[in-house]
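Student: Handing you this structure, nothing more for now.
The values are calculated or read from the model by the stated rules, or taken from the named source; none is laboratory data. Not measured: the values here are computed from a predicted model. For neighbour counting, all protein chains shown are included, and Cβ atoms are generated from backbone atoms with ideal geometry for every residue, glycine included. Ligands, DNA and RNA are stripped out before the accessible areas are found, and what is left, the full protein with its side chains, is counted by its heavy atoms. Shrake-Rupley method; radii C 1.70, N 1.55, O 1.52, S 1.80 Å.
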Amino acid sequence: MAEDIGSPMDRFCGSTFWNATETWYTNNPDFTPCFEQTALVWMPCAFYWAFVVFDFYYLKASLDRNIPWNKLSVSKMLVNLGLLVITALDLIMALVKKGGDSELPLYDLDVWGPIIKFVTFLLIFIFIPLNRKYGVQTSGCQFIFWFLLTVLSIPRCRTEVRAAADRSKIDDSQQPSESDFSWEEYMYVSFFVSFTLYCCMLLLNCFADGQPTQTKYQRGENEIPELSASFLSRITYQWFDKMALKGYRNPLEEKHLWDLRPQDSCSEVMPIFAYHWNQNVRKNYKGRSKTEPKAQFSNGNVTFENPHGEKTGRKKGMASIMPPIYKSFGGVFLFGALMKLITDTLTFAQPQVLSLIIGFVEDQRTDPQPEWKGILFSVTLFVLAAAQTFILGQYFHRMFIVGLRIRTALINAIYRKALRISNATKKESTVGEIVNLMAVDAQRFMELTTYLNMIWSAPLQIGLALYFLWQQLGPSVLAGLAVMIILIPVNGVIASRIKTYQIRQMKYKDERVKLMNEVLSGIKVLKLYAWEPSFEKQVLDIRDKEIATLRSTAYLNASTSFLWSCAPFLVSLVTFATYVLIDENNVLDATKTFVSLSLFNILRFPLTMLPMLITNLVQTQVSVKRINKFLNSEELDPNSVLHDSSKPHPMSIENGEFSWGDEITLRNINIEVRKSNLVALVGTVGSGKSSVVQAFLGEMEKLAGVVNTVGKMAYVPQQAWIQNATVRDNILFGQQYDRKRYNKVIDACALRADIDILSAGDLTEIGEKGINLSGGQKQRISLARAVYCDADLYLLDDPLSAVDSHVGKHIFEEVIGPKGLLARKSRILVTHGVTFLPQVDSIYVLKMGEISESGTFDQLVKNKGAFADFIIQHLQDGNAEEEELNQIKRQISSTGDVPELLGSVEKAIKLARTESLSDSISVTSADSLMGTGSGGSLRRRTRRQNSHDSVASAASLKKKQEVEGKLIETEKSQTGGVDFAVYKHYIKSVGIFLSVATLVLNFVFQAFQIGSNLWLTKWANDENVGNDTGLRDMYLGVYGAFGFGQVITYFFCSLTLALGCIFCSKELHERLLHFVFRWPMELFDTTPLGRIVNRFSKDVDTVDNALPMLWRMVISQAFAVLATIVVISMSTPIFLAVIVPIALLYYFAQRFYVATSRQLMRLESVSRSPIYSHFGETVTGAPTIRAYNVGDRFIEESDAKVDKNQVCKYPSVIANRWLAIRLEMVGNLIILFASLFAVLGGQTDPGLVGLSVSYALQVTQTLNWLVRMSSDIETNIVSVERIKEYGETKQEAAWELEQDKDKPKHWPEEGRVEFQNFQVRYREGLDLVLRGVSFNITGGEKVGIVGRTGAGKSSLTLALFRIIESAGGRIMIDGVDIAGMGLHMLRSRLTIIPQDPVLFSGSLRINLDPFEIKTDDEIWKALELSHLKSFVKSLTAGLNHEIAEGGENLSVGQRQLVCLARALLRKTKLLVLDEATAAVDLETDDLIQKTIRTEFKECTVLTIAHRLNTILDSDKVIVLDKGQITEFASPTELLDNPKSAFYSMAKDANLV
């Protein structure tokens, strides 16, 4: 049998391995049996052995365990067992039937064939229980193996069936045959049994295994189907269909979303990143060889090391976030890179197949090839494209996951860092800038990861393309290459210019957002002062600079896109020209032309991507720098405060020297607080009292000395930090709710009455920064939080400043004092009041940052030192109550010989007898106790006495409360399609001319492009070109002209579009700003600040940067698709028949996708804001969070918010992939049909066929981009929608009216104020706050307004300024109805000293005179009168002294004085004083009072009073009660009448 056979493979089989005549050169192709049994079986086996490592990796990485046995896994085991048996049998039969004695020789194939199969099946057999044990539900490698095996066995089926037919013919022919067919018969049966089993395995592998029983994370109802989807479902994203369908039927909401995959959640991502980050930090320090444990993930917190390091470690440089990112997420990334490599290779197989197709068509004329080859080529093209589609889908999916994880890691790293930055660092950057790190910079990474592989892939693609081009055109390719290389540096230069502009634009954006943030925080003050125009102008000035930068960027971008769009054309022109001109014999034919063209098209992508990638990389580089700078910034030294329990006292500072990062603030500080003692810190404004408290907390930089605290800490800051949560949450602050203790705390802190007033009791939501509470309420809630926390050490930084004196007394007795709730704790109290000092255990007096004296009250009084002066100063102000004074008098006289002190006390007592306090009501009365302020909007007078005790009524209340207590409207995420109106609005803003011009230019551009390609076909098909150089030059010239046309049109097209978009974004921002500034106050109360800022940062940024790019893409892609359809239909008209069904498929995929994706994007952006606002809140409240040591809880909250955002983000990533797979398959069908029709339609023009197929090859990418971009436009146009929505909100009355111009320049000249039956409410649907108030004030009168909390005092002033508009009645000033005036006319002619001193960052001068209309002398005069002159003179910059955000670098007292200076500068006939003296120490108070008495002698002054001396010398007093005037007369008159309410108030305070 064995004839002498050539190749080793032939010897192995014992028959021919490859026979070209049989397989290729025939009309009836077939493989040889040897080839079918070796190559076609071993290919799948080799594949599986190569990729089995992935199966091992998935076992290792799986978070689940134990899938119970089920039908599927049992069937797999059985079928696999069957295969093992058959393969073993094959081997045995071969050894039995062949070789040895039998006449059939035994070949190697008979032994090795079964062995190879057996080993492979065995490996798979082992994996089935392993996958079960490790909870892996599906395996891709196995699926692909079975798929390949099944498909590649099909040729053998045909061969075997034919052979069987031949055998039966021989048997039927009855000739006694000497040959024994038993071996062949056995093989025939064995093969078909195996083949059936292959098919079964393939089918079984299409499904995923059951759910694992043990999972690391709880799997909820709502778990993501992906976890249990089969491989097939994963690569086609079929598991996403449910969501797409749901999203198409009705808009998706949060409840429809799936849970996050555990491996993407913070709890999985963070420990890995933290571990690598810490390693990186350690590497950065020389001379430190402590080995540290892995980042432990103990009860949910990850520790990050401080890269700033101890002061000792020598630093090698900044620790960068890049190495940890590589190490943490590099694995997945590399796997993605591998996929990218495969697709890149597949891309280049396509032009090769194209050349075969063109060759096939060329041969049709002369020597036609068999038809099956044409079909084979078309199908091959389709298969290549399809494989590429699936692999790319997985690649992008992987990259997005890496992006998401990097973003999670960065956001959390930034958050954890923000909890620990030192004050010096905090000064360098504002809250807005830090939030931007999270919002913008971390986001950048996510956008970059998808493209990052282009760094190596683009050069690779370029290299391959050039190699294949060389094969087509030889050395003339180098000419084309030269063009590309010349373009690269040109582009590089432009890119670097763009980079500088981008940094500049980022800087302006930061400035603008920061300014907006401040403006919105202080909007109430701006409105009262009528200062909006000045700030609007400031914002617009920054915006103009920003727009100018954008415009320069646009020119540069247009020139780059121009360069890159003409690059492929120039390259092909230069190459073809060189090719035909070098040598007479070089003739362009169809194959050369179109294979080269499709290669040039492949080149186009990496060449377009490179510059985009470079700019993206540049932006990310900037971001990396910013994040690195932040993560490497200085942290608070955790060791600055020791916790040494061996020290005698729980809190002490020994020889402390501290600074806030620049000059020394506190020196030689020695303080000790004994156990259960109350220590008071007193001193004038700015003497460093608060700094001492901060030093105990470890917030200041310790230069020398020892600070020691032992025990749990609680801290009440001077300016209360209130979270955007319910009142109860603010007080519990993460602790368990214990009703008894809670009620005790609430009563002690005098909050009961306030809570009753709030619309939903203690479940009322508090706005950001406590916007709907008065200062006093915030302060008391802050105190209640500390008391409830039940710590050992209490640091109370002036908690009584913002509350009325009797409330202060109540709180001191009930909470702070020797009999209060905190009597057993060690506490430090910073205070301005003298009253409580006799009751404290010891007093420290601070002066200029040093302790001037200390001791008990008695000792200090005897010393006659700084403390005695402090008391005398206090008494001269004459605003203490009589009983207090008597107490002090007793206290002093008991200490013996201090005559001058006693004298001043006596004098003060006399004074106090004649005075009375406005709000002095006994503490128990339920109506008292609630500082006024902007809280009016919440006052619902629903009395629910004792509801806090009865549980039953509480339950029924709860529902009602939750509804009422929502202050902040939840952010609307619109549902459904974006209205056409929004597009119209956008196009209108761009301008009709520019819009039309862009479209026309694009059209012309495509026309030129098709023209040049058709011209090429004509040239390629022209036989005479070879002999006639003139003709050739004519072809070349026209081709060049077409190209020139393309280039020019494209440049103008980019430019018109870019300029149009910039024009539009300028317009939109102006409108947004214009409208937001003109919102009525109530809108600011109900809209959180973060949300408005989000419009100004994120949305405006989208309109600035994202939309122009997207429009450019969409328009050019849309035209390209049209061009493709036109070209293909020209070459094969029958193609039009397929277009309709394909278009429908496309349309449906697109509709489904857009509906779902848009809604997901909206949900995602809504779930993103809380991350940032929570972060902003954390940064402001960091000292409090650290003091209470609840950092971990806040980190957990932040993690939860990030995870929630990922829950919305992940499906939208998948939606993109789902769509891409479906669309690209549509595109692949276009390729299939274009090539099939070309082959089967009997086309004889190779040029046209080449053109149409090469266009079809591009179409998938174009289609995909088109939908992606158009849906991106839909999702991003939402920004326009949101801006537009804010531009259509309710506006306040006009700022300026024509008739105002007739008013005299100094109006109001007399200052008469008349209220006529005036009514007002805060918002629609709320009760009236003033119910028909009438009174008359003549010019120059001084009037005090008193009344209990909630009586409507503040509302009166707000109504006077028309911050709230009248609901009936009117107010006349100088006989003019104010409702008929422009708001600015009115507000600029009234002066107010508001309750909270608000300052803006900028120079001191801008803060006093934002319109810059006053001279320096006037400003200095005002400063002198407001006692700030010496302070300002001492500043190096004088009037240009930069004030920090919110005035942080001035003390509260100084800020109050700045407000006084503002009033003095404006000096109009009418002054309103709103509780202006609540938060100020006595000295400042005294200064303000004196100044007002002298400077505003001739003016009408309305004072909302808190203290007696403020109203005592007034001409009239208005007593308000429940929104009505009960009394209106002079104070003396009212005190003479024992029936008056004023009298009873005075009586309550024991003053009469």
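Student: What's the local net charge at Glu532, with K and R +1, D and E -1, over the other residues with C-beta under 11 Å away?
Tutor: Details: positive: Lys527, Lys537, Arg1078, Arg1387; negative: Glu536, Glu1292.
Overall, the nearby charge balance is +2.
Student: If you don't mind, another one. Would you mind checking Lys1469/Lys1490; Lys1429/Lys1490; Lys426/Lys509; Lys509/Lys629; Lys1301/Lys1342 for any pair whose Cα atoms are more than 22 angstrom apart? Intermediate values should be presented prior to the final figure.
Tutor: Values: Lys1469/Lys1490 18 Å; Lys1429/Lys1490 16 Å; Lys426/Lys509 20 Å; Lys509/Lys629 19 Å; Lys1301/Lys1342 29 Å.
Violating the 22 Å limit, Cα to Cα: Lys1301/Lys1342.
Student: Using only the Cα atoms of the chain, what semi-axes does the equivalent ellipsoid have when each is the square root of 5 times a gyration tensor eigenvalue? Give whole Å, largest first.
Tutor: 79, 39, 28
Student: Post the alpha-carbon centroid distance, the stretch 1115-1129 to the stretch 34-74, in whole angstrom.
Tutor: So the separation of the two Cα centres works out to 43 Å.
Student: Moving to a separate point now. Would you please classify the overall shape of the stretch 718-815 from the alpha carbon gyration tensor, given that a ≥ b ≥ c denote the square roots of the eigenvalues, rounded means a/c under 1.5, and beyond that prolate means a/b larger than b/c while oblate covers the rest?
Tutor: Working: a/c = 1.30, a/b = 1.11, b/c = 1.17.
Rounded.
Student: Starting from the amide H of Val1517, placed 1.01 Å from N in the peptide plane, find each other amide H under 5 Å away whose residue is 5 or more places distant or on another chain.
Tutor: Under 5 Å from the amide H of Val1517: Gly1344, Ala1529, Ser1530.
Student: With a point put 7 Å past each Cα toward its Cβ, work out how far Ser646 is from Phe1335 in nm, to one decimal.
Tutor: Going from the Ser646 label point to the Phe1335 one covers 6.7 nm.
Student: Using the Cα gyration tensor of the stretch 35-151, with a ≥ b ≥ c the square roots of its eigenvalues, what is the shape: rounded (a/c below 1.5), prolate (a/b larger than b/c) or oblate (neither)?
Tutor: Details: a/c = 3.07, a/b = 2.07, b/c = 1.48.
Prolate shape, in that a/c is at least 1.5 and a/b is the bigger ratio.
Student: Taking amide H positions as placed in the peptide plane 1.01 Å from N, state which residues far from Thr303 in sequence (5 or more) or on other chains have amide H under 5 Å from it.
Tutor: Result for Thr303 returns Gln296.
Student: State the Cα centre-to-centre distance between the stretch 1188-1204 and the stretch 790-859 in whole Å.
Tutor: Between the Cα centre of the stretch 1188-1204 and that of the stretch 790-859, the gap is 33 Å.
Student: Shifting gears a bit: Does the stretch 69-220 come out rounded, prolate or oblate by the C-alpha gyration tensor, with a ≥ b ≥ c the root eigenvalues, rounded set by a/c under 1.5 and, if not, prolate when a/b is larger than b/c and oblate if not? Before the final figure, lay out the partial values.
Tutor: Working: a/c = 3.59, a/b = 2.37, b/c = 1.51.
Here the stretch 69-220 falls in the prolate category.
Student: Hand me the trypsin sites (Lys or Arg not before Pro) from the stretch 807-852 located in a DSSP loop with no more than 12 other Cβ atoms within 10 Å, in residue order please.
Tutor: On the way: sites: Lys809, Lys819, Arg824, Lys825, Arg827, Lys847; in loops: Lys819, Arg824, Lys825.
Qualifying residues, ordered by number: Lys819, Arg824.
Student: OK, next. Which net charge results for the neighbourhood of Gln364, defined as the other residues with beta-carbon distances under 14 angstrom from its beta-carbon, given Lys and Arg at +1 and Asp and Glu at -1? Mind showing how you got there, number by number?
Tutor: Working: positive: Arg365, Lys373; negative: Glu362, Asp363, Asp367, Glu371, Asp1245.
That sum, taken over residues with Cβ under 14 Å, equals -3.
Student: With every protein chain left in place and a probe of 1.4 Å, what is the accessible surface of Lys889, to the nearest 10 Å²?
Tutor: 70
Student: If you don't mind, another one. Return the lysines within reach of Lys675: Cα separation strictly under 23 angstrom, same-chain partners fewer than 8 residues apart disregarded; answer none if there are no such residues.
Tutor: Lys647, Lys689, Lys712, Lys819, Lys825
Student: Still on this structure, I have one more. Quick check on my link table: of Lys242/Lys1201; Lys1467/Lys1522; Lys592/Lys1018; Lys1497/Lys1547, which ones sit more than 21 Å apart, alpha carbon to alpha carbon? Don't skip to the answer; put the middle values down first.
Tutor: On the way: Lys242/Lys1201 26 Å; Lys1467/Lys1522 32 Å; Lys592/Lys1018 14 Å; Lys1497/Lys1547 31 Å.
The answer is Lys242/Lys1201; Lys1467/Lys1522; Lys1497/Lys1547.
Student: Still on this model: Quick query: amide H of Lys847 versus all other amide H atoms, modeled in the peptide plane; which residues come in under 5 Å with a sequence gap of 5 or more or a different chain?
Tutor: Those qualifying (amide H under 5 Å, at least 5 residues apart or on another chain) are Ser852.
Student: Would you list, by chain and number, the lysines whose Cα falls below 17 Å from the Cα of Lys60, excluding same-chain residues fewer than 8 positions away?
Tutor: List returned: Lys133, Lys216.
Student: Computed over the Cα atoms of the stretch 1309-1466, what is the ratio Rg over Rh, Rh following Kirkwood?
Tutor: Values: Rg = 18.2 Å, Rh = 17.7 Å.
When Rh is taken as the Kirkwood radius, the ratio is 1.03.
Student: Which of the lysines could a cross-linker span from Lys862 if the Cα-Cα distance has to be under 22 Å and same-chain partners fewer than 8 positions apart are dropped?
Tutor: Cross-link targets: Lys847, Lys889, Lys907.
Student: Can you compute 3J(HN,Hα) from phi for each residue in the stretch 1060-1071, using the Karplus curve 6.51 cos²θ - 1.76 cosθ + 1.60 with θ = phi - 60°, rounded to whole Hz and x for Gly and Pro?
Tutor: x, 5, 5, 3, 5, 6, 4, 4, 5, 5, 4, 4
Student: In 10 Å bins starting at 0, how do the alpha-carbon pair distances of the stretch 976-1069 split up by percent?
Tutor: The calculated distribution, bin by bin, is 15, 30, 22, 16, 11, 6, 1.
Student: With the other protein chains left in place, how much accessible area per residue, in square angstrom, belongs to the chain at a 1.4 angstrom probe?
Tutor: Details: 62280 Å² over 1552 residues.
For the chain, the per-residue accessible area is 40 Å².
Student: What does the charge add up to near Thr615, with Lys and Arg as +1, Asp and Glu as -1, over the other residues with Cβ less than 12 Å from its Cβ? Don't skip to the answer; put the middle values down first.
Tutor: Details: positive: Arg444, Arg497, Lys499; negative: Glu447.
Residues near Thr615 contribute +2 overall.
Student: Using θ = phi - 60° and the Karplus relation 6.51 cos²θ - 1.76 cosθ + 1.60, list the HN-Hα couplings for the stretch 544-553 in order, rounded to whole Hz, with x at every Gly or Pro.
Tutor: Using θ = phi - 60°, the values come out as 4, 4, 4, 5, 4, 4, 4, 5, 4, 4 Hz.
Student: How many percent of the accessible area of the chain is carbon or sulfur, using a 1.4 Å probe? Could you put the intermediate results ahead of the total?
Tutor: Details: 36570 of 62280 Å².
The computed percentage sits at 59.
Student: Take the alpha-carbon centre of the stretch 456-498, take the same for the stretch 696-774, and report the distance between them in whole Å.
Tutor: Here the answer is 65 Å between Cα centres.
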